[in-house]
Amino acid sequence: MMRSVPRSRFRRYELVSRAVDAVEDLRCELARRGMYTGVSPVVLSVEEAKYFRPLYLDLVEDAVILYDRGGFLRRVLERVRCYIALFGGKRVWLGRRWYWVFERGNPFIELVGVKLVE
């Protein structure tokens, strides 16, 4: 997340492309050892990141936060964790893949446009 980002997705990717390129040799070495990884940058402005995104469901389960100025991302993910509980959400594994099941409602519809934090 950044305070301000270009509107263009391509321009946003340019902001992080050197960092992505810097780990490519390591990714290739890990692949040779049978560990397959991926880098999928999602570049958002702080304002954009305040709103629910389905990606956040998986981040609640898997994210390792390396740096979080002021605890912003921690607050976003804690709010999403509350919504997962509210909707009775559970991640179901099917082999090496997963999907989400919700007992009450559909957050993919009901949380569109919902601001998670100020």
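The values are calculated or read from the model by the stated rules, or taken from the named source; none is laboratory data. Computed from a predicted structure; not experimentally measured. Cβ atoms come from the backbone with ideal geometry, glycine included; neighbour counts cover every protein chain shown.
Observations, loosely collected:
- Any hit, segment 68-86, residues being assigned to a strand (DSSP E or B) and under 15 Å from the mean Cα position of the chain (by Cα): no
- Summed over segment 105-116, the residues that are at pLDDT 95 or above and surrounded by fewer than 14 Cβ atoms within 10 Å (Cβ to Cβ) give a count of 2.
- Residue in segment 64-87 that is surrounded by 16 or more Cβ atoms within 10 Å (Cβ to Cβ), touching a Pro at 6+ places or on another chain (Cβ under 7 Å) and not charged (D, E, K, R) present: yes
- Filtered residues of segment 16-54 (kept if more than 26 Å from G113 (Cα to Cα) and touching a strand residue (DSSP E or B) at 6+ places or on another chain (Cβ under 8 Å)): none
- W100 passes every criterion in (1) in contact (Cβ under 8 Å) with a residue 40 or more places away in the chain; (2) aromatic (F, W, Y); (3) loosely packed, with under 15 Cβ neighbours inside 10 Å apart from (3).
- The set of residues in segment 44-74 being touching a residue at least 60 places away in the same chain (Cβ under 8 Å) and not hydroxyl-bearing (S, T, Y) consists of K50, F52, F72, L73.
- Residue satisfying all of: in segment 33-67; more than 26 Å from S8 (Cβ to Cβ) and assigned to a helix (DSSP H, G or I); modelled with the lowest pLDDT among these: D62
- Considering V101, V76, V80, V64, the condition of being of a type in the set (A, V, I, L, M), within 23 Å of Y36 (Cβ to Cβ) and not assigned by TED's automatic domain parsing to the domain that holds P41 is satisfied by V64 alone.
- Residue in segment 6-18 that is surrounded by 12 or more Cβ atoms within 10 Å (Cβ to Cβ) and touching a helix residue (DSSP H, G or I) at 6+ places or on another chain (Cβ under 9 Å) present: yes
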